[in-house]
Amino acid sequence: MRRAPLALTASTAALLLLVGCTTSSEGDPAVDPGATAEPTAPETLSLEPPECLIGEWTITQEELQVFYDSVRDATDGAVTFVVEGDTGLSFTEADFAYTPDLTLTITTPATAGVATLSGSIAGGYTADTTTVTTANETVDVAYDYIVDGVAQDASVIFGNAVLGAPINGGDYECTPAGPLISFDNGFGRVPVQLVPLR
């Protein structure tokens, strides 16, 4: 499941293809049939805080699985999650938007169900060289949790994941892959790697 793209331009995700060509005997340019398109390296990401936060980012399904596995570990396996979908996170100089678009298969000792979470949590933020602080969050998230065909109260499962963005108060660092931000999982902080939106 993919999220809807945000309106911001993802210049850091640009990937240019160069097509090799040669000149024919008549002097007209012609494509060399033996040449292949070679991608250039992605535009270099900033490694300077807080500028490295600015852009459109993806939290991949694999990275989300690691995050939710940390909840499993914190509950000694009492609740497990299987994640399908990616999540978006974007920053301008003053605002952020966290855009989950997930399906979670949630298993506890007593129940097994499927939850969906989509929409956005957006607002202002400030960042020093190590920490992100959000403010004035607007929550526009749709979620449900179905167990044996019956809707349940998903806020019991999701808690602050529904009511607020998990980045608030998180430490971060700039890496060549993208920002690495510690997310709140309800039990502590877990580092989550952001990569450029493609």
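The values are calculated or read from the model by the stated rules, or taken from the named source; none is laboratory data. Since the model is a prediction, treat every value here as computed from it, not as a measurement. Because the Cβ atoms are built from the backbone with ideal geometry, glycine has one as well, and the counts that use them run over all protein chains shown. For accessibility, only protein heavy atoms count, side chains too; no ligands or nucleic acids. Shrake-Rupley method; radii C 1.70, N 1.55, O 1.52, S 1.80 Å.
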If you take the residues of segment 55-107 that are part of a strand (DSSP E or B) and open to solvent by 40 Å² or more (accessible area, probe 1.4 Å), which of them is farthest from Thr134 (Cα to Cα)? Thr107
Quick one: in segment 108-127, which of the residues that are under 20 Å from Tyr172 (Cα atoms), of a type outside the set (Phe, Trp, Tyr) and free of Cβ contacts under 8 Å to residues at least 60 places away in the same chain is most open to solvent (accessible area, probe 1.4 Å)? Thr126
Can you report the number of residues in segment 128-150 which are touching a residue at least 60 places away in the same chain (Cβ under 8 Å) and either open to solvent by 30 Å² or more (accessible area, probe 1.4 Å) or more than 25 Å from Leu180 (Cα to Cα) (or both)? 3
Could you tell me whether segment 164-173 includes any residue that is of a type in the set (A, V, I, L, M, F, W, C), without any contact (Cβ under 8 Å) to a residue 24 or more places away in the chain and within 17 Å of Val71 (Cα to Cα)? no
